[in-house]
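Colleague: This is the structure I want to talk about, given as structure tokens.
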Amino acid sequence: MPITNTQSGTNVHEIAAGIYRINTPVPAAPGGFSFNQYLIVDDEPLLYHTGPRKMFGLVREAVAHVMPVERLRHVAFSHFEADECGSLNEWLAVAPQAAPLCGAIATMVSVDDVADRPARVIADGERVALGKHTVRWFDTPHLPHAWECGHLFDETTATLFCGDLFTQPGAEHPAVTESDILAPSEAFRRALDYFSHSKHAGAQLERLAQTRPTTLACMHGAAWRGDGAALLRALAESIGRSR
């Protein structure tokens, strides 16, 4: 299963029970880069991040290696960007029972205008039962960027889908690591300055830390396994020092 497209290098690995990381390396990008999507396989399967529209074929091929794509029920994402939801309508076309799953601000300012089906709005702190998995949404405006930003937490496996919080440069990464991801992601953040510098970042990161995640499903680079609360608090400290 790991390599689903030999030309692009797109690959799939199970990083927690029923949660699959779909990864496409992009070595041609300056310094190398990668894009991850996450598939929760359950009674109501959920795809977190769609990937850019031009990667739809690669991601669809990868999902099909795990389950029939038409079974998909939820297409969720942290905030409104091409790598988060660029192929949203393509997924709605191939999965007739699927709908966008996102926060109220994303729905109001973008999704219900752009998407071919209305979004299912998930409120701050709300839980959605997928079957064996139950996910919970946290509004985190401007963390790391975008007014509509939020993060999803799978309570069943203690997996936090943390989007761009720990963006790791480079094209080649293990599916899951227990090594340091804070140093490379913070170096990348300081170089590109893509966090919004919200005054609420520390409190928002503490709220996420209190979920006590043991797996962090990062959007770029490796997923991470360990004491997620400690890592989130270390990120808060690093952000505070850089102000």
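The values are calculated or read from the model by the stated rules, or taken from the named source; none is laboratory data. Being a predicted model, the structure only gives us computed values, none of them experimental. Note: ideal-geometry Cβ built from the backbone for every residue, glycine included; neighbour counts use all protein chains shown. We work out accessible area using only protein heavy atoms, side chains counted, and drop any ligands, DNA or RNA first. Shrake-Rupley method; radii C 1.70, N 1.55, O 1.52, S 1.80 Å.
Colleague: Under 7 Å by Cβ, and 6 or more places apart or on different chains, what pairs join a residue from the range 130-143 that is on the phi > 0 side of the Ramachandran plot with one that is modelled with pLDDT under 95 and open to solvent by 10 Å² or more (accessible area, probe 1.4 Å)?
Modeller: Final answer for the pair search is His142/Ser196; His142/Ser198.
Colleague: Suppose we filter Pro100, Pro68, Pro96, Pro52 for residues that are without any contact (Cβ under 8 Å) to a residue 60 or more places away in the chain, open to solvent by 70 Å² or more (accessible area, probe 1.4 Å) and not hydrophobic (A, V, I, L, M, F, W, C); which single one remains?
Modeller: Pro96
Colleague: Of everything in the range 86-133, what is closer than 12 Å to His74 by Cβ and in a helix (DSSP H, G or I)? Give them in sequence order.
Modeller: Hits for the range 86-133 are Leu88, Trp91, Leu92.
Colleague: Look through Asp154, Asp193, Asp164 and report the one residue that is among the charged types (D, E, K, R) and more than 16 Å from the chain's Cα centre (by Cα).
Modeller: After ruling out the rest, the residue left standing is Asp193.
Colleague: Taking Trp137, is it within 23 Å of Val121 (Cβ to Cβ), surrounded by fewer than 17 Cβ atoms within 10 Å (Cβ to Cβ) and of a type outside the set (D, E, K, R)?
Modeller: no
Here is a yes/no grid of residues against (1) free of Cβ contacts under 8 Å to residues at least 12 places away in the same chain; (2) polar (S, T, N, Q); (3) out of contact with any Asp or Glu (no Cβ under 8 Å at 6 or more places or on another chain):
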{"position": "Ser185", "(1), (2), (3)": "no, yes, yes"}
{"position": "Phe188", "(1), (2), (3)": "no, no, yes"}
{"position": "Gln204", "(1), (2), (3)": "no, yes, yes"}
{"position": "Leu208", "(1), (2), (3)": "no, no, yes"}
{"position": "Thr215", "(1), (2), (3)": "no, yes, yes"}
{"position": "Cys218", "(1), (2), (3)": "no, no, yes"}
{"position": "Gly221", "(1), (2), (3)": "no, no, yes"}
{"position": "Ala236", "(1), (2), (3)": "no, no, no"}
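Colleague: Step by step: first the residues of the range 140-169, then only those that are crowded, with 19+ Cβ neighbours inside 10 Å and of a type in the set (Asp, Glu), then the one that is farthest from Asp193 (Cα to Cα). Which residue is that?
Modeller: The selected residue is Asp154.
Colleague: What about Glu172, is it open to solvent by less than 50 Å² (accessible area, probe 1.4 Å), touching a Pro at 6+ places or on another chain (Cβ under 8 Å) and among the charged types (D, E, K, R)?
Modeller: no
Colleague: Open to solvent by 40 Å² or more (accessible area, probe 1.4 Å), more than 16 Å from the chain's Cα centre (by Cα), modelled with pLDDT under 95 and under 22 Å from Ile3 (Cα atoms), is that true of Ala28?
Modeller: Against the criterion (open to solvent by 40 Å² or more (accessible area, probe 1.4 Å), more than 16 Å from the chain's Cα centre (by Cα), modelled with pLDDT under 95 and under 22 Å from Ile3 (Cα atoms)), Ala28 qualifies.
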